[in-house]
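Working notes, structure below.
Quick note: the coordinates plus some simple rules give every number you see, no bench work behind them. Keep in mind it's a predicted model, so treat the numbers as computed, not measured. As a convention, Cβ positions derive from the backbone with ideal geometry for all residues, glycine included, and neighbour counts pool all protein chains shown.
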Amino acid sequence: MLARLNPPLFDDLFRGAFFNDFVLPRGNVKAATFAPPADIVETQAAIEVTVDLPGHDPKSLDVKLENGILTIQSERKQERRGEQDDVLRAERSFGQFVRSFELPDTVDPEKVAAKLEHGVLTVTLPKREETKPRSIAVKVQS
């Protein structure tokens with residue numbers, strides 16, 4: 001009996017289509033060994049990027065916004081085990097990663113904030129005042 005393969009989800013085929021994360025990092029950076037998942041949410045006031053980084057040392061975390069590209073880089077080091085220890089299963093990812101996201105021109109680079117809390121990095125990218133939607137009252141004459 002042949003095992004039935006599940007086709008990739010439609011979302012997986014076009015991941016990064018709007019917030020392009022196919023941008024290559026600049027400078028002398030080694031290739032990523034893993035890439036943690038990221039969520040990108042847009043509100044009227046800001047764009048928020050959330051990345052799961054359990055076990056990452058905040059000192060190894062580097063967040064940069066340059067020329068409209070948000071780059072997140074970090075390293076999670078593998079725990080040292082004793083010579084007598086037998087690893088029965090190892091599924092957790094270790095190593096360095098770099099993720100870059102191309103952002104729209106609406107982001108105000110002077111007001112970007114980042115926080116790491118309980119292994120979750122949240123980068124808040126406020127929008128420029130002039131690009132936020134505004135309501136205009138329309139007077140109706142009778």
Under 19 Å from the Cα of LYS115, which aspartates and glutamates turn up, not counting those fewer than eight places away in the same chain?
ASP39, GLU42, GLU48, ASP52, ASP57, ASP62, GLU66, GLU75
Could you please rank LEU61, LEU88, placing first whichever residue has the fewest other Cβ atoms within 10 Å of its Cβ?
LEU88, LEU61
